[in-house]
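First the structure, in the form of structure tokens, and then the observations on it.
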Amino acid sequence: MFISSSEYEKALRTVVEESSEISVAVAFWGQGAELLLRAEPPRKMNLICNLRSGATNPETIAILCETDGVNVRQHDRLHAKVILSQSSMLIGSANLSSNGINLEGEEINGWEEAGILSQDAAQISAAKK
């Protein structure tokens with residue numbers, strides 16, 4: 001299913017909330033991005049981000065590193081934007097930042113983002129690899 005900017009955050013929350021474990025490979029993380037991944041009960045999360053470029057908020061990563069069940073890794077050349085659960089995935093253009101997901105609301109004019117939300121088991125398996 002095609003996801004536009006206005007639907008992106010909702011699609012992301014759907015993927016996060018439906019599973020007990022998620023994997024996230026998103027290059028750049030902005031202030032407040034950790035709030036998008038909160039769910040009850042807490043999820044096991046494996047996260048990969050890009051810390052080398054300077055486009056990721058170090059406070060956000062510090063919060064994630066201190067969160068139980070969250071495993072944070074870094075990749076110098078990562079530019080991916082993939083969120084995977086056991087049964088769905090969101091692959092798109094948005095970083096987890098103010099511009100990518102409009103974390104600060106309507107007052108921030110973010111980029112126009114696009115993505116694909118899929119429940120295709122073969123594609124999810126391929127993305128996990």
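The values are calculated or read from the model by the stated rules, or taken from the named source; none is laboratory data. Keep in mind that this is a model prediction, so the values were computed, not measured. Ideal geometry is used to build each Cβ from the backbone, glycine not excepted, and the neighbour counts take in all protein chains shown.
At a glance:
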| read-out | value |
| --- | --- |
| Residue list for segment 29-61, restricted to those being surrounded by fewer than 16 Cβ atoms within 10 Å (Cβ to Cβ) and either assigned to a loop (DSSP other than H, G, I, E, B) or basic (Lys, Arg) (or both) | 31, 38, 39, 40, 41, 42, 44, 52, 53, 54, 55 |
| Residue list for segment 30-82, restricted to those being farther than 22 Å from residue 9 by Cα and hydroxyl-bearing (Ser, Thr, Tyr) | 53 |
| Restricting segment 94-117 to residues that are farther than 24 Å from residue 62 by Cα and under 15 Å from the mean Cα position of the chain (by Cα), the residue that is modelled with the lowest pLDDT | 113 |
| Tally, over segment 1-18, of residues that are surrounded by 19 or more Cβ atoms within 10 Å (Cβ to Cβ) and hydroxyl-bearing (Ser, Thr, Tyr) | 1 |
| Close pairs (7 angstrom Cβ cut-off, 6 or more residues apart or separate chains): at positive phi in segment 58-74, buried (at least 16 other Cβ atoms within 10 Å of the Cβ) anywhere | 69/43; 69/45 |
| Residue identified as of a type in the set (S, T, N, Q) and in contact with an Asp or Glu (Cβ under 7 Å, 6 or more places away or on another chain) among 97, 20, 88, 6 | 88 |
